[in-house]
Every structure is written in C-alpha cells, then in structure tokens.
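These notes concern the structure reproduced below.
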Amino acid sequence: MEQGLKLLIQLVLEFAPVIVNLIQKRTEETLAITNCQLPKTTQEFLELVNISNQPNSSVARFEQQKLLQQQLAIYQRETQIQIAEQEKDTTLKLPEVNKILDSWPLRLYPSQILDHTINERKPLKIFLAPPQVKFDQFDHRNDGIPEIELMLAEGLRKFINKHYSLHSPIRPTEFLAGAWDSKRFHSESSIKALFGILKTEPILILESENDGDYLNFRIAYWGLGQENYYYKTIARLSHREIVQESAKNRALEWKKIRDELLAQGANLEEINQLGRDNVFNLALLEKAEKWKAQGIDISKLSLQYQVNHQDFEKLCDVLTTCHFLVTAWVADVYHLVHYDIPPLLPELLPSLLQDALDLQSVQAIIIGYKQVYQALEKERRYWVPELALQLAQSLSHLPDRSWAQEQVDYSISTWLELRQSPQEFSNLLEAMHSLIRIEDEEYVQKLREYFMTVGDRQSILDAEKLLDAIANLKHKHPLESTDPSYTLIKYSSKVTSVAISPDGEILVSGCVDKIINVCNLKTGKLLRTITENLGEVSSVAISPDGNFLAVGSCEHPKSNVKVWHLKTGKLLHTLLGHQKPVNIVIISPDGQILASGSNKIKIWNLHKGDRICTLWHSSAVHAIAISPDGTILASGSSDNKIRLWNPRTGDPLCTLNSHDGEVKSLVISPDGQLLLSGSTDKTIKIWHLITGKVLHTLTGHSDEVKSLAMSSDGQILLSGSADKTIKIWRLSTGELLQTLTGHSGTVNSVALSPNGKFFASGSADKTIKIWQIVPRLAL
C-alpha cells in the first residue's frame, strides 16, 4: 500500500496546481461576464433578493452578492455544456477526422463515446490503458499467473460501481473497461488524437507502460471547457521490487510456521517439502542479511527470489490500489470544480490504505485539497464559509481531526468577517448569535451535522441554540428570507400527507400517529382534529368545491377510505373493500369520483359512496392522477410502471415503461397534455400524456422523489424528496430554479395553493412548513 500512497502524493503535488490554474482562468472569465449584460434568466433570479425589503442594506447587499456568485457559476456551467453540445455536432464532420482515427487508441468509435444526453451532471469518463508486464523475466513457478489487465479492470470496476457509479446522482463516472487497444497505442500521439475528437467530454485516462523493471504510470485528463489536456508521468513503479518484496515477506511468514512445526517435533525434511519456493527464498534472504551485516552492499548483487502467483496477485493489488487512489482524487476534483460536490476520498483513505497512513502523507493530500478550495474561494468569496465547511466534513473521516477542525474554525471566522463582526470572541459559535439570520439556517444545520460526526457535544448544543434563534426569527418574520418558510405544525410523528383547500384558507394534514389536523392557513389556528377510528394516515385529498375531505389508511385491517364534510367535520362515508394498505386517495377535478389505491385501484362515487369499478394491479399502487376532463386516470406502482385507464369504465389504455425504480408520485398538467412522474430512481419524467412519449427527464434529487405538485398555469413544478429537499422547476425549460433545504427528514408531501403564492410541505421530521413563492420565480 506504500506504493499507492506515494503515487497519490505525487499526483496531488503535480495535479493540484494544474486544477488551480484552470479555476483561476475560469475566475477571470467570470469577472469578464460580470462586466457584460447578464442573461435575462440570471437578471430575473437576482431580483429575488429585493422582495424581502430587508431594513439592513448591508445584509441585502451581502445576500445579493452571494446569489450573484452562485448564479454566475450556474450560468458558466450551462454555457460550457451548450458550447460542448455545439462542438459535438461539428467534430465528426471535420475533414481531418479520418487522419485522426489513424492514431485512434480505442476499440469504440467516437460516435459511441460522445454523450448526446443532457443531464444535470456530466459523468467523468474513465479509460484504462493497462501495462503489458513480461513475466518471463522472473524466476517463477508456472502455477497460474494472473492476467493483470483483467484483474485491474475488475478491481477498478467494483471500486467505481461502489463509490462513483454512473447511476450516482452525486459523483457519476463512466468506466469504459476494455476500450483501450493497449497492445497498439500509448503516449502523446494517442492522447492528442483522443482530445481532438473527445474534448467536449470530461475524460480521465489511466495509463501504465512497461519500461524494463519499471511501470511508468501516467494520467491524461481534461474537464469541461478546457482548451488543452493534461498528460504527465506521475510515478515510476518498480514491479520487480513489488514482486520480489512479496516473495521475501512470504518467506518470513513461512519461517514462523516452520519454527512452530519444529517446536512440535515435526521432521525438518518433511516441512521443507511443504515449503516449496519459500525454503529457497528464506535461505537466500538469510544469506543476504548475513552479508549485509558483514558490510557487503547487497544492492550490487543480483538476488533472484522465486516468485509465484501470490506475488503477482500482490502486484495486481498494489496496482489496483494505485488506480483506486488516482481515480478517486481526480473524480473528486472534477465534481468539486464543476458541480461543488465535496470530496469522497478522505472518507475512503483509512480503509484503502489501512496502516499505511502517516501524518506527513495526510498533510500532503490535504494541502492539495486546500489549494483547490482556496482557488474556488477566490472565485466565490461569499461562499467561503460553505466551501471550508464542506472540506471539513470530508476531512472529518481521517484519524487526525485537527485538519477538519482547522477548516471549521476558518469557516466560522470567515462567516463572521463577511458579516463585519465588530468584535472578537473566544467562542466562535457564540459570536454568531448577534448576527444570525433566517438565511443562515442551512449553514448552521451543516455545522451541527459536522459536530455530530466528530462527537463534539458542546458545539452541538451551541449549534442547536443558533437553530433555535433562527426558529424565533421565523416566528417573528415568517416571510423574511429569499426562500421564506415557517413551521406551522410540529407533530409527535411523521407527516405523511398535506392538502390545501381551493380557497387557500384551510390546510389538512395526516400523519403516522393516526391524527388528521385541519388548520386555518392565515392564522395558523387549529380548527379541528379528527381521530375517529383511524389507522395510520397515508393520504388526504380535498374536493375542488372544498366540501369533501377524503382520507386513506395504510394500517391493516383498517385499510379503508373515509370521507368527511370538511367544514362540519361530519363523517359521510366509510368505503370498504381494500385488502391491502391504502397508499393514495385522489378526487377528480370535476369532483365526481374518488380513486383509492392499494394493490388495486377502486373508483367510487364521491357523493354517494358507491363503488363504480375496480382497476387491477399486480403490485402496490403508490400514486394516482386524473386528467382535467376526467377521461384518463394514471397510476404508478412498485413494478416501476405507469398505467393509463378509463376511470369510468375501468378499461386499460396503455402502459408506460421508463423508470428504473418504483413510481411514487404523479401529476397531470392543467391543460391535460403532460404527465409527470417521480420515482425511487431519483428522477422526474415528463411524458406526453396522449402519445406516452418521454419528453424530458429532470435529475437533481439524490434520493427518491416522493411528491409532486404543479401550479395552476402549468409553469412551475414542485418536487419533494427523501433527500430532505424541495426543488422548484420551470416546466417549460426543465430548469431547476431553486432547492429548499428547510426540512431535516424525508419530504413526504407537497401541496400548492390555488393562487400559486405559497405551498405546504409535510415531512418525516414531524413538521409542516409553509413556503412563500417568490413572485419572480413564477415568471
């Protein structure tokens, strides 16, 4: 493992300054952008700050600058992707493309590699150019020499699939094993040929070339928007030394076993027969140690230890670990620089290197990360506290916590400095109290998460005091924030469903503790609590006229549906027939029918309580939506499918297949043209309802999408997720407008008011929050 650590340190020393230069160049371009006219969408976004009418102008300026830096980073990222898309269209039409293909080192054609899908995060493509080691130069037993290329590819594949999978919404990479024609191509000409065709794709190439007793380990890399590639030999590994050292270590282990057997009276000759090549290696090792003690320079001697498959497997292990470390560091830096994703490698280092980690090595690795973060800080001065805290969270997994604590102290000190703290405090967290604002909630929550990770109990208490102070500010000024929210209700258990009445005055909520609360949204006053023979509440729905409240229960044997008169609280119907938990209830836009879903869907006459028909599913139904004209009912289930039905007759219309996970939420646009679906595969798909064609896929959530809600004009989409966030999207473009992070648990349900000015969210953190929709956001 020592070889891998040396290689990583060399990479950090060589590669970190290159990344810093790239960031500095991007910073210069960003400064140039600020002197030009910003795109209309960016200007609109920046106007959001002004809606708070904050009395403290310095605070307003601070928030505006912070938003400006964030939006410029997003704009630059989107511009890079757009340029890359345009360049792809012309790349394969270049007149010299055939000449370039003469030096093409891959078994895949360029058209197979160029990515034409538009995702929120472009995966880093990784190619492996493995070494061609000639094993006949070793004195070895021919007892099954491993194929290094295959073992290296398989080891790297497992590592990437576990930590940097292509399907990861956070750090996606695509490992293209076997693509490199390793017997024909190595070195600069091949890299230049690749860059000429594939420069629009972020790429890492791991190349090892045999050079006598050594392997020259090189990497080639280019990210988004780079005008040139990085290609350099970062280390020379002695594969002979690794194999010979393994043989010596086996001999020493054999000596221990031999001595134990001799002590038990075993015959030496019989023992040596079992020792095979270990006997020869031990004798040679002992001779070498004797000669060394006599002052002989044994490095001048050609000592040939006998090696076997175990020693070649050791070589494979060392090479594989080297590739793990390099891949992780470069992938981390790529996703950090382009997408603000914190590094994962510090968390993996203790398990990858075990006892090989030493203070000096860790220091070198951390300095590399700090160089990259410091470059990012110059680009986004107002985001320094978040960036430094991000690095601290990554470093908190290392044995020595002082590195992480240094970053936390720097984070809080910069936070105080940016807010022009007038005095110095011995306790940085206490110093934050007088300057804390509602907008700081996410930052303080992340501080608390860090302190919980490292087990700092006193700092956890200090952070919780800050969160209490923010809660008090929300109570006094519930709309004073750029994404305003306040907590309406705190339950004793998880909130499962929320619904807002058509007049926007009443909020109904259900939860796991078998209670339904009916509240006045304007005053927050609790109007009514319903507990009448309820099981665990899974879903609530209000009729378009505001008269009926439908409630589904997912607790067997109380798996039923009840209908109340909303204003009087009178129970009107108890609808029986479901044998499995009822997961969802919905009322049609015309207010005539009620649909309830378990492992089948039952359609009821809302006013009379009569059953109209049953729609048969083979798996649990989690989501239902009904078109505005009432002619189509869509259902999403745990078999990853969406089915379309005629709700009046029960006839199936078609089945939609595209999700890779259970379908958890559905909504149909007000014009009846679009169907939107949220899934455990972490995506939201937009379908043309009539043709069943997928028009767009929204990505960004890092966990399953639990709930969807759409504005009455069909322009804005809300999505609540198990990743504890709510995202606001512009449907016409698929643009992510905002991510709200006020909840500390899964967001199970979101409900939008009819006028589109606010919405409610219910969460597993036992709270319901009310959010104001910023006017410019709805444009």
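What Kirkwood radius, in Å to one decimal, follows from the Cα pairs of region 147-222?
Answer for region 147-222: a Kirkwood hydrodynamic radius of 14.0 Å.
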Looking at 195, 249, 264, which one has the Cα that reaches farthest to the positive end of the dipole of region 142-289 (charges on Cβ: Lys, Arg +1; Asp, Glu -1)? 195
What does the charge dipole of region 630-762 about its Cα centre add up to, to the nearest 20 debye, if the Cβ of each Lys and Arg holds +1 and the Cβ of each Asp and Glu holds -1? 160 debye
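Counting Lys and Arg as +1 and Asp and Glu as -1, each charge on the Cβ, what is the dipole of region 227-292 about the Cα centre in debye, to the nearest 20?
Value, rounded to 20: 280 debye.
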Give 570/600; 465/706; 494/706; 255/290 a once-over and call out the pairs whose C-alpha atoms are over 22 Å from each other. 570/600; 465/706
Contour minus Cα-Cα distance for residue 271 and residue 14 (0.36 nm per residue): 87.5 nm
Whole-Hz couplings from phi, Karplus 6.51/-1.76/1.60, listed for region 385-396; x for Gly and Pro: x, 5, 5, 5, 5, 4, 5, 4, 4, 5, 6, 5
Dipole magnitude (debye, nearest 20) for region 675-743, charges at Cβ of Lys, Arg, Asp, Glu: 60 debye
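Could you pull out the GluC sites (Glu not before Pro) across region 195-278 that fall in loop regions by DSSP (anything but H, G, I, E, B) with no more than 16 other Cβ atoms inside 10 Å? It would help to have the intermediate numbers written out before the result.
Values: sites: 207, 209, 227, 241, 245, 253, 260, 269, 270; in loops: 227.
Passing sites in region 195-278 are 227.
Going by a ≥ b ≥ c, the root eigenvalues of the Cα gyration tensor, does region 519-612 fall in the rounded group (a/c under 1.5), the prolate group (a/b larger than b/c) or the oblate group?
oblate
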For region 178-231, run through the trypsin sites (Lys or Arg not before Pro) and keep only the ones in DSSP coil with at most 11 other Cβ atoms within 10 Å of their Cβ. 183, 184
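Order 381-392, 441-452, 300-311 from most to least packed using the mean count of other Cβ atoms within 10 Å. Could you put the intermediate results ahead of the total?
Numbers: 381-392: 21.4, 441-452: 19.1, 300-311: 15.9.
Per-residue mean Cβ counts within 10 Å order the peptides as 381-392, 441-452, 300-311.
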Coil-residue trypsin sites (Lys or Arg not before Pro) of region 673-739, DSSP, other Cβ within 10 Å capped at 12: 693
Quick one: accessible surface of residue 321, probe radius 1.4 Å, all protein chains present, in square angstrom to the nearest 10. 10 Å²
Taking 30 Å as R0, compute the FRET efficiency from the Cβ-Cβ separation of residue 249 and residue 165 and round it to 0.05. 0.30
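The values are calculated or read from the model by the stated rules, or taken from the named source; none is laboratory data. All values derive from a computational prediction rather than experimental measurement. Because the Cβ atoms are built from the backbone with ideal geometry, glycine has one as well, and the counts that use them run over all protein chains shown. All accessible areas refer to the heavy atoms of the entire protein, side chains included, with ligands and DNA or RNA removed. Shrake-Rupley method; radii C 1.70, N 1.55, O 1.52, S 1.80 Å.
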